[in-house]
Structures are given as C-alpha cells and as structure tokens.
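Structure first, commentary second.
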Amino acid sequence: MSSNTPSSSAGGVGSADAAAPRRNSKRPKYSKFTQQELPACKPILTPRWVISAFLLVSIVFIPIGVVSLFASRDVVEIIDRYETACVPQNFSNDKVSFIQSAVDKTCNRTLTVKKLMKQPIYVYYQLDNFYQNHRRYVKSRSDSQLKDNSSWNDVSSCKPEDMSNDQPIVPCGLIAWSLFNDTYNFSLNNQQLAVNKKDISWKSDRDKKFGKDVFPKNFQNGTLIGGNRLDPSVPLSEQEDLIVWMRTAALPTFRKLYGKIERDLQPNEVIQVTLLNNYNTYSFNGKKKLVLSTTSWLGGKNDFLGIAYLTVGGLCFFLALSFTVVYLVKPRQLGDPSYLSWNRNPAGH
Amino acid sequence: MSSPQHLILHAPSCPSKTNICYFFYKNITFGFTLFWFEANASFSGQPAYNDWYMSCYNVFFTSLPVIALGVFDQDVSARLCLKHPLLYQEGVQNILFSWIRILGWMFNGVLSSIIIFFLTTNLIIGQAFRKDGQVADYAVLGVTMYTCVVWTVNCQMALSINYFTWIQHLFIWGSIALWYIFLVVYGYIPPTLSTTAYKVFVEACAPSIVYWLTTLLVVIATLLPLFSYRAFQIRFRPMEHDKIQRQRSEGSEHDKIQGRRAEGSEHNKIRGRRSEGSEHDVTESTGTRNSTDLPSEIRIRIDNLKAGPRSKNA
C-alpha cells in the first residue's frame with residue numbers, strides 16, 4: 001500500500017538470484033540476539049502481582065520470626081558487669097592507679113542460675129568501648145611471624161610493639177601485647193567447676209595461622225605491660241586465648257569465648273566466681289562483663305532476629321492489605337489508551 | 001523511503017539514563033556501608049571489607065547486570081515504539097533524568113546502606129551466631145555485609161528491568177553466584193595472601209543459620225521501599241511507557257485506526273509471535289496492521305487527533 005511495496009518486491013526479486021554477488025551488503029546477519037528479539041518475559045507490577053508478593057513475604061517471614069523468637073527464648077544467659085564492683089572502696093576514685101598497682105586483684109562474684117542451663121555452657125568475657133577495629137591496632141601484627149619460626153625477625157608491621165631491649169618480640173604487635181588477662185574460676189557448692197579451654201578458637205587459625213613451631217620470646221618484657229604473659233614453652237598454635245584475642249572484633253562492644261562448662265546447671269544454683277581483675281579498662285572507661293550462655297540451633301540469645309522478621313513480615317502484610325483496599329476503593333479503568341497523555345490532550349501537548 | 005525496520009531503533013526511555021542512576025545507587029549503597037562502619041571504628045580508616053572484595057565490587061559482582069540493562073533492556077517493544085512515537089517525548093523532556101529521579105536513587109542508596117548496616121550489626125554481632133558458641137568477628141561481619149550489598153544491588157537491578165531475557169537472568173543471578181564462588185576460592189588461598197578471608201565462608205559463615213537468615217531479611221527489607229514505590233507509581237502515577245506496557249499486557253493494544261476493534265485471535269496471534277521473537281507482523285496480518293503501514297498510521301492518527309476526542313471503546 002505504501003511506497004515500501006515496490007522496493008521490497010524489487011528487493012525480493014533481486015535478492016533471489018543476486019544473493020551471491022550482493023556480498024557487500026551492510027546488513028548484519030539476522031539473529032534474535034543481534035536484533036534484540038530474544039524471548040523475554042516482561043513483568044509488570046499489576047495489582048495481582050503486588051499483593052501476591054507482599055503476602056508471600058509475610059507468609060514466609062512471620063513463621064520464621066516466631067520460630068526464631070522461640071529459639072531465642074530457650075537460650076539462658078547470665079551477664080555480670082564487674083569492673084566497677086571489683087575495685088576496692090579505697091581506690092574507687094582512682095581506678096587507674098588501682099589497676100596499675102600490685103594490690104591483690106582477686107574479686108568474688110555470685111551468679112544465680114534462673115533456668116535450667118544445659119551443657120555446654122559457654123563462658124565469655126565482654127568488653128565495651130574497646131576499639132579492636134581501629135586501623136592502627138588491626139595493622140599491628142605480623143602474620144608471617146605468627147605462622148613460621150623462620151620469620152621470627154619479621155616485625156616491621158608491628159610498631160610500636162616490635163622490639164624490646166633490641167630484640168624482636170614474638171608475637172609482636174599491639175594486638176598480642178594487649179592480650180586480655182582477667183581469669184575466672186567457678187565453683188558450685190564448694191566444688192570446682194571445670195572450664196574447658198580447648199577448641200575455643202577457629203580451627204583454621206590453629207592449623208594455618210599460628211605455627212606449631214613458634215614459641216613466645218621476649219614477650220611483655222618491656223617497661224609497659226599491656227596484658228597477659230605467655231608461657232614460652234607452649235607453641236602459639238596451642239595458645240588459644242591468644243588466638244581468640246587476635247581474631248579482632250568488628251565493633252567496640254564485643255564478646256570473646258573464654259571456655260566451656262561441660263555440665264548442666266540447675267535452676268536456683270548459686271555459682272561463686274573468683275576472678276582476677278587484672279585488665280586495665282579504666283584508662284578508657286571501658287566496661288567488663290562476664291557472660292555465661294547456652295546456645296540453641298540459632299546461636300546465642302538473639303531476640304532481635306525474631307523481632308526483625310516479625311516486623312518485616314507484619315509490615316508486608318499491612319502493605320498487602322492497604323494495597324488491596326486502595327485497589328478496591330479506587331479501581332482504575334485499565335488499559336484504556338485514551339489515558340495516554342497525547343490522546344487525552346489532542347489539541348496540544 | 002526505507003522501511004523503519006531497517007533503521008536502528010533507539011529506545012525512547014534510553015536505558016543508559018537508568019544506568020547512570022543505578023550506578024550512583026550501587027556505589028552509594030556500598031560506600032555508605034563503609035562509612036557507617038567507620039563511624040563505629042572511630043573513623044580510623046579501617047575498611048569494613050577485605051581489600052580484594054572492594055577491588056572486585058565494580059568489576060565482577062555488579063557490572064554485568066548494568067551492561068545487560070543498557071544493551072538489552074526494552075521497556076516497550078520496537079513495534080510499539082514506532083506506533084507511539086510520542087513516547088520519545090519522555091526523553092526529550094528529560095523526564096527520566098530529572099533531578100528528582102537522581103536524588104530518589106541516591107536516597108534509595110543511603111536508605112539501603114542504613115538498613116544493611118543496622119540489620120547486619122544487630123543480628124550477627126554480640127551473641128554467638130552459631131550453635132557452637134562462636135562469636136562473629138571483623139571478618140565475619142565484612143563477609144555478611146558484603147553479601148547483603150551484592151544481593152541488594154543486584155535485586156534492585158532486577159526490579160528495575162523491564163525486559164528479562166536469559167541474558168539478564170544469567171548476569172544478575174550469575175553475579176551473585178560469582179560472589180560466593182569467589183569467597184570460596186579466595187578463602188582457599190593460603191592466609192599469607194588471603195589474610196582475613198581465609199576459609200571465612202566455608203568454616204565460619206556457611207554453617208551459620210543466622211548468616212543466611214540475615215541475608216534473606218536484609219535483601220527483602222531493602223527491596224521493600226523500591227517495590228512499594230514502584231507499585232504505587234505504576235498504578236497511580238504511571239509514566240507513558242508504563243501505560244503502554246499495561247495496555248500491551250492487558251490485550252487492549254490493538255488496531256484502532258479505522259475505528260474497528262481487532263479480532264481477539266489476531267491480536268493474540270501477534271502477541272504470541274512477538275513473545276516467540278518473530279520480527280514482523282507483515283506477512284500474516286489480515287487487517288491493516290502492517291509494519292509497512294506505519295508511516296501512514298501516524299498520518300491517520302494525526303488526522304484523528306485533529307478530528308477531536310475519540311470515543312472510548314476499549
């Protein structure tokens with residue numbers, strides 16, 4: 001009908017017997033890919049899809065939230081903050097000098113078990129306001145030295161804790177130097193509760209990052225002692241407290257695993273804790289807490305997970321309802337091309 | 001005059017403009033999670049993620065879907081573009097690249113990053129995140145947050161795409177899968193090179209149910225704002241190409257030039273063939289709908305417009 005027809009028919013006739021000589025045609029080889037005609041799905045957010053999507057999310061999330069909350073409720077946790085209470089009366093105004101003095105740091109605390117705690121019960125120490133994620137702190141270690149005895153000299157990245165008395169420190173760096181050194185002893189009815197301190201670190205750390213032939217040397221030998229001492233006869237791969245400590249925490253408030261108690265604790269049992277309040281958190285207003293916790297299949301006590309899932313699920317349900325109401329109340333004439341702006345306003349744009 | 005089909009058809013909505021907004025969005029999301037972490041690391045400059053994660057972000061995990069969007073996306077098909085040439089006004093009037101849109105995408109990015117950071121830190125940090133009592137450290141938080149970022153930006157891309165071919169699917173879900181593969185492979189490289197990433201996924205994160213639940217929750221939570229906004233916008237304030245898409249999907253996109261209604265079967269034939277990827281309606285259309293007619297179609301439409309408002313006969 002249009003002027004196209006003659007040319008296309010001429011092209012048709014021509015192409016039939018002129019396909020070979022017309023090699024210099026610039027027309028690209030036709031394929032669905034190059035002509036962008038691949039089979040495709042073209043989803044559109046119709047009311048049906050929107051409401052179904054919201055309902056699906058709420059149907060999935062609300063049960064997950066409920067299950068998570070139940071799991072979290074099953075976990076029993078005892079938290080005891082002790083850094084203020086464990087400073088004797090006469091030092092209460094000058095905690096820093098207390099902690100730096102040679103005064104006996106023993107402190108007795110009492111913990112009461114509220115609900116049955118099934119073994120294994122995990123013992124953590126929790127620190128507040130301690131920035132293990134500070135860049136200079138995180139940098140201050142020597143991975144090669146930790147791994148390999150032959151690299152004992154490689155202390156360049158460990159400043160300022162690299163050398164002491166002109167000898168390299170093993171393990172060097174601020175992280176190792178500030179090793180946490182409070183200790184906890186638990187007793188129940190005057191009987192010692194054993195704390196298993198084996199396997200508290202990650203296996204990959206023990207096997208591959210801390211060498212079996214690397215021994216502490218020249219450690220905490222300087223004028224300023226930052227933390228715990230290390231037994232020079234025990235190789236680093238067995239110094240689990242050090243390994244746990246050197247796995248730097250993400251945020252300024254963190255817990256680290258101290259050990260496991262491998263017996264059940266019955267409700268109303270009273271645990272006596274004899275702790276040594278050695279670690280100086282007073283210089284930077286840090287807090288220290290002792291935590292005993294069981295775990296569920298989800299982990300520790302995590303109400304937030306259940307609540308977050310319930311919130312999002314509930315929100316989606318509410319959105320599904322609102323969209324349903326809105327679609328019903330304001331039904332729109334669907335698919336009418338006269339709604340296109342150029343059709344609605346024929347006189348101009 | 002050559003047939004319009006022999007021209008290269010430039011999509012009216014110019015997906016490259018969406019691309020630019022999306023590029024801002026994904027980098028804002030990523031960058032702001034770094035910023036929130038810094039705020040919790042006393043602004044010392046400690047990055048939240050391992051160096052290699054950060055280097056590969058724009059190259060491997062989020063670049064392919066953007067390319068696919070730019071090259072392959074079509075909000076309306078070529079045929080409908082030619083039929084409704086006034087769609088091009090959307091581009092001319094810069095509707096799709098206005099300040100409001102750019103700021104909207106940026107706001108979406110900041111919001112996504114806040115949701116990601118807030119949820120991951122509250123879910124993973126503090127108490128044990130696994131049955132064996134282990135707590136999450138810096139490496140685990142980095143992996144979790146990064147996983148959430150990769151999922152989120154790719155899923156936001158999926159929500160923005162109008163036209164899903166197998167290529168889009170491959171690129172989007174492939175980018176996400178590539179992240180996990182990268183984590184596993186990088187994690188097996190000895191710790192002298194992989195430092196904090198050594199076995200972090202296979203040993204620490206993958207066995208943790210909280211890690212997977214966190215990813216799921218964060219992704220859905222970050223998609224909710226955009227999804228709700230799009231649902232609202234398409235329904236109540238549709239743009240021109242949205243309306244055309246709706247017409248097409250509801251089957252009212254049919255010939256109205258002569259004032260006739262097209263047969264349902266002819267229209268379904270056309271739609272069916274289009275979804276199979278056939279190019280022309282030329283040979284089998286029984287009516288006047290013919291790609292060679294399009295120039296005259298436009299002429300006739302202009303005549304109709306001059307004649308006055310049309311009657312509603314959907």
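The values are calculated or read from the model by the stated rules, or taken from the named source; none is laboratory data. In this text the structure is predicted, and so the values were computed from the model without any measurement. Cβ coordinates were reconstructed from backbone atoms using ideal geometry, including for glycine residues, and neighbour counts include every protein chain displayed.
A few points about this structure:
- Residue within the stretch A:85-94 that is touching a residue at least 24 places away in the same chain (Cβ under 8 Å) and closer than 30 Å to residue A:219 by Cα present: yes
- In the stretch A:236-284, of all residues being in contact with a strand residue (DSSP E or B) (Cβ under 8 Å, 6 or more places away or on another chain), among the hydroxyl-bearing types (Ser, Thr, Tyr) and within 14 Å of chain B (Cβ to nearest Cβ), the one that is surrounded by the most Cβ atoms within 10 Å (Cβ to Cβ) corresponds to A:258.
- Residue satisfying condition, being among the small types (Gly, Ala, Ser), assigned to a loop (DSSP other than H, G, I, E, B), modelled with pLDDT under 95 and farther than 29 Å from residue A:106 by Cβ, within set A:222, A:227, A:211: A:211
- Within the stretch A:191-228, if we keep just the residues that are out of contact with any helix residue (DSSP H, G or I) (no Cβ under 8 Å at 6 or more places or on another chain) and without any contact (Cβ under 8 Å) to a residue 24 or more places away in the chain, the residue that is farthest from the other protein chains (Cβ to nearest Cβ) turns out to be A:223.
- Exactly one residue among B:195, B:215 is surrounded by fewer than 22 Cβ atoms within 10 Å (Cβ to Cβ) and at positive phi, and that residue is B:195.
- In the stretch A:63-74, the residues that are charged (D, E, K, R) reach residues that are in a helix (DSSP H, G or I) with C-beta atoms within less than 9 angstrom, at least six apart or across chains, in these pairs: A:73/A:303; A:73/A:306.
- Selection within the stretch A:104-150 - under 26 Å from residue A:91 (Cβ atoms) and within 13 Å of chain B (Cβ to nearest Cβ): A:125, A:126, A:127, A:128, A:129, A:130, A:131
- Comparison of A:169, A:121, A:99 shows that the only residue that is over 20 Å from residue A:289 (Cα atoms) and surrounded by 19 or more Cβ atoms within 10 Å (Cβ to Cβ) is A:169.
- Once the stretch A:315-335 is narrowed to residues that are touching a Ser or Thr at 6+ places or on another chain (Cβ under 7 Å) and surrounded by fewer than 19 Cβ atoms within 10 Å (Cβ to Cβ), the residue that is modelled with the lowest pLDDT is A:335.
- Entry remark, the stretch B:114-138: residues being of a type in the set (Asp, Glu) and within 7 Å of another protein chain (Cβ to nearest Cβ) number 1 in total.
Rundown of residues vs (1) in a helix (DSSP H, G or I); (2) of a type in the set (D, E, K, R); (3) crowded, with 22+ Cβ neighbours inside 10 Å, yes/no style:
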{"position": "B:131", "(1), (2), (3)": "no, yes, no"}
{"position": "B:135", "(1), (2), (3)": "no, no, yes"}
{"position": "B:143", "(1), (2), (3)": "yes, no, yes"}
{"position": "B:148", "(1), (2), (3)": "yes, no, yes"}
{"position": "B:153", "(1), (2), (3)": "yes, no, yes"}
{"position": "B:158", "(1), (2), (3)": "yes, no, no"}
{"position": "B:174", "(1), (2), (3)": "yes, no, no"}
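- Within the stretch A:42-80, the set of residues being part of a helix (DSSP H, G or I), facing another protein chain (nearest Cβ under 8 Å) and more than 24 Å from residue A:305 (Cα to Cα) comprises A:47, A:50.
- Any hit, the stretch B:104-111, residues being facing chain A (nearest Cβ under 7 Å) and among the hydrophobic types (A, V, I, L, M, F, W, C): no
- The criterion of at least 3 residues that are hydroxyl-bearing (Ser, Thr, Tyr) is met by the following helices (runs of 4 or more DSSP H) wholly inside the stretch B:14-72: B:15-39.
- Qualifying residue in the stretch B:229-238 (condition: touching a residue at least 40 places away in the same chain (Cβ under 8 Å) and touching a helix residue (DSSP H, G or I) at 6+ places or on another chain (Cβ under 6 Å)): no
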